[in-house]
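The values are calculated or read from the model by the stated rules, or taken from the named source; none is laboratory data. What you see is a predicted model; the values in this text were computed from it and never measured. Here the Cβ positions follow ideal geometry from the backbone for every residue, glycine too, while neighbour counts run over all protein chains shown. When the accessible area is computed, the model is the full protein with side chains, heavy atoms only, and any ligands, DNA or RNA have been set aside. Shrake-Rupley method; radii C 1.70, N 1.55, O 1.52, S 1.80 Å.
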Amino acid sequence: MSIRARVGIFSTMIAFAGFAWSSLPARAQITPVAASVAETAPVPASQIPKEVTDAINAPDRPAADKALDAGRRPDQIMAFYGIKPGMKIADAFAGGGYMTELYARIVGPSGKVYSQNGPFPEKFKKIEDAWDARLKEPALSNVVKVSKPFDAPDLLPVPPDSLDAVIIHLNYHDMVGLKVNRENVNAAVFKALKPGGIYGIVDHSAKPGTGDTQTTTLHRIDEDFLIKDVEKAGFKLSGASSALRHPEDDRTWYVFKHRGETDRFMLKFVKAPAVAAAANGSASGQ
């Protein structure tokens, strides 16, 4: 069996792993938790950049990945976060690499993608194998594999203030549920991003007020809990999109039984230049 075939098969396993991945277009809007940031509507198909549609429709992209697109809506994710050629991006908690591959195709040879995963438990070895196989493909020659635990002090092997974006797709709740040191992760992301750089997080929404109590049961997280968690690291919530909202989801569904149908929030945090400058000044003793 070819590498691409194996990657295609293993891509379908990602959503069943219970570790981090799952995710019909919907235009109805659920009121965002953060009242200071209004959700924007989905990006019209006519306004999706060509490089994004070309990447999604690439003939050599795995069929199993394409089968997930209708539910995950990567065109909306890429357009909302402004992913474009030449960017330097980190795909944190990359899983089997579904998003890594799309980033790599969009940023192109002038860009760079850092695909990061922590250690895989033995029961998830097939996902690790799929990730490894995917990263060997020619279309991903601009990808740097990062295999480090989340508490590694140099989680992202890049100079400070060098990345345009870091995105965690459907896995922040898993970091919470697995009791990952999120202060370390968010600090590492903050350090790696350029001033004004984007920290994007997409995840399955839990009922307001549930905090982190659904992260290992329903595989959901309270949006307000996550916002406060991230903003503690110095980030500023600057945008949100309704493109992945599903108001028919009462937020009690187990996400792996409703793939592509769950209500998801899509948040954009930024490393505010003023905050970044203050942090750098403090670090240098000024």
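Net charge around P119, counting only other residues with Cβ within less than 12 Å of its Cβ (Lys, Arg = +1; Asp, Glu = -1)?
-1
Once you put a point 7 Å from the Cα of S147 and another 7 Å from the Cα of T217, both along the Cβ direction, what distance in nm separates them?
If labels sit at S147 and T217, their model points lie 3.6 nm apart.
With a ≥ b ≥ c taken as the square roots of the eigenvalues of the C-alpha gyration tensor of the stretch 37-115, please select rounded if a/c is under 1.5 and otherwise prolate if a/b is larger than b/c or oblate if it is not?
rounded
Rolling a 1.4 angstrom probe over the protein chains, ignoring ligands and nucleic acids, what is the accessible area of E122 in square angstrom, nearest 10?
Its heavy atoms expose roughly 140 Å² to the probe.
Taking a 20 Å limit on the Cα-Cα distance, which of the listed pairs K88/K232; K50/K84; K112/K194 fall beyond it?
Long pairs (Cα-Cα over 20 Å): K88/K232.
Rolling a 1.4 angstrom probe over the protein heavy atoms, how many square angstrom per residue are accessible across the stretch 38-122?
37 Å²
If you build the Cα gyration tensor of the stretch 112-187 and take the root of 5 times each eigenvalue, what three semi-axes come out, in whole angstrom, biggest first?
Working from the Cα gyration tensor, I get semi-axes of 20, 19, 10 Å.
If you roll a 1.4 Å probe over the stretch 105-236 with all protein chains in place, what percent of the accessible area is carbon or sulfur?
Reported share for carbon and sulfur atoms: 53 percent.
Can I get the semi-axes of the stretch 178-223's equivalent ellipsoid? Compute them from the C-alpha gyration tensor as square roots of 5 times the eigenvalues, in angstrom, largest first.
Whole-Å semi-axes of the equivalent ellipsoid: 25, 13, 8.
Give the distance, in whole Å, between the Cα centre of the stretch 152-212 and the Cα centre of the stretch 229-268.
For the stretch 152-212 versus the stretch 229-268, the Cα centre distance is 15 Å.
Among DSSP beta bridges whose residues both lie in the stretch 139-286, state the antiparallel percentage, nearest 5.
Of those bridges, close to 65 percent are antiparallel.
At 7 Å along the Cα-to-beta-carbon direction for both D161 and A63, put a label point, then send me their distance in nm to one decimal.
It is 5.0 nm.
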